[in-house]
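Data block below; observations after.
Derivation of every value follows stated rules applied to the coordinates shown; laboratory data play no part. Keep in mind that what you see is a predicted model, and the values were worked out from it rather than measured.
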Amino acid sequence: MGEIELIRELVHTYCDRVCTNDQKGWLELWTSDGLWNIGRGPVRGHEALQAAMQTSMALFEAVNQLTFNGTATITGDTGEGRWYMCEFAKTKSGKALFYLGHYDDTYQKDNDGWKFSSRKLTWLYQGPPDLSGVFGPPPGYAI
């Protein structure tokens, strides 16, 4: 398997671990100083990543995240990429939500393979699945 295919596998594994709420497995996809920013302020390092993921997933009864088209470039043991995604979610209060966005990533290869060193989410839409919501970041999220 080529390096770009391994990055694609990393990205798709990320989605799978979100869908299955495998928070331990999700954390294993990150470098120890990984930086995650989904609009609520960046978090860095495994302890902060773990806490942010727990907080995020506690809001939902179910999440189905899908990754679509994307690109990645590799230079030695580092890389960067952009991947478009959507997410269907049901909150614990029963509200259905639909998200569209893209992640801008950086990657680092170590002895265990490729990992995320950063992921920054750019929100394109958040609202009802019928697309009657707001295009752009949800209210209260930083750009």
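In whole Hz, with x marking every Gly and Pro, tabulate ³J(HN,Hα) for the stretch 31-37 from phi via Karplus 6.51 cos²θ - 1.76 cosθ + 1.60, θ = phi - 60°.
Computed from phi, the couplings for the stretch 31-37 are 5, 4, 10, x, 10, 10, 9 Hz.
Given the convex hull over the Cα atoms of the stretch 80-143, what projected area results after averaging over all orientations, in nm²?
Spelled out: convex hull of the Cα atoms, projected over all directions, averaged, 5.6 nm².
Given N residues in the stretch 3-135, what is Rg(Cα) / (2.2 N^0.38 Å)?
Expressed relative to 2.2 N^0.38 Å, the Cα Rg reads 1.03.
I need the per residue convex hull volume for the stretch 1-60, using only the alpha carbons, in cubic angstrom as a whole number.
90 Å³
Whole-Hz Karplus ³J(HN,Hα) for the stretch 47-61, in order, using 6.51 cos²θ - 1.76 cosθ + 1.60 and θ = phi - 60°, x for Gly and Pro?
Once rounded to whole Hz, the list reads 5, 5, 4, 4, 5, 5, 5, 4, 4, 5, 6, 5, 6, 10, 7.
What list of ³J(HN,Hα) values in whole Hz, one per residue of the stretch 9-14 in order, does the Karplus curve 6.51 cos²θ - 1.76 cosθ + 1.60 (θ = phi - 60°) give from phi, with Gly and Pro shown as x?
Karplus-based 3J(HN,Hα) across the stretch 9-14 equals 5, 4, 4, 6, 5, 3 Hz.
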